Amino acid sequence: MLARTFDTFDELVRRLEPSLAGWFAGSKDGSRQPRIIAPMEVLRTDSEIVIRVELPGVDPDSIDVTVLDGTMLRVRAERRAPTAGQGEHLRRGFAYGTFEGTVMLPAGIDAGQVSARYDAGILEIRVPHAAVQEVKIPVEAGSGATKALKAAS
């Protein structure tokens, strides 16, 4: 029974391995660093979408904000671990590596109007969009619908 449990666990690991590999990305120096999902919140107003991303301790020059095909906004940033020579770590609790997050955008976004500002560890992205127009569509009842209603009563 225990051997069967290990076989099942090994099979699970084999199936997850390709997915887990996607969580790691090669850095410029060839080492592998974890890819971290950046905490974010998205707010939609009548005129814009506001995306706020927590990126504490990130160099603003490492932040990349990209609109892909006018349908998706991708945010990437990297926080590098301190270099050797700054002391011995007795405890390490900060996440180092590549932060990444994506947001689906509504149709008709003008990528040239997107703005981004980084302040106090928070990246704020503003994506203007056209107001959503609500159009009421009249529903016509055919002659068969009237007969069905009379038969049901």
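Each value in this text was obtained by applying a stated rule to the coordinates, not by laboratory testing. Note that the structure is a prediction, hence the values are computed from the model and not measured. In this analysis, Cβ positions are derived from the backbone assuming ideal geometry, glycine residues included, and neighbour counts consider all displayed protein chains.
Of the GluC sites (Glu not before Pro) in segment 66-109, the ones in a loop by DSSP (not H, G, I, E or B) with at most 13 other beta carbons within 10 Å are GLU88. Label-to-label distance, SER115 versus GLU134, with points set 7 angstrom from Cα along the beta-carbon direction: 3.0 nm.
Database remark: amide H of LEU55 closer than 5 angstrom to the amide H of ILE122, LEU123 (H placed geometrically; neighbours at sequence offset of 5 or more, or on other chains; Pro and chain starts carry no H).
Taking 0.36 nm per residue of sequence separation and removing the Cα-Cα distance, the TYR96/ILE37 pair yields an extension gain of 20.1 nm.
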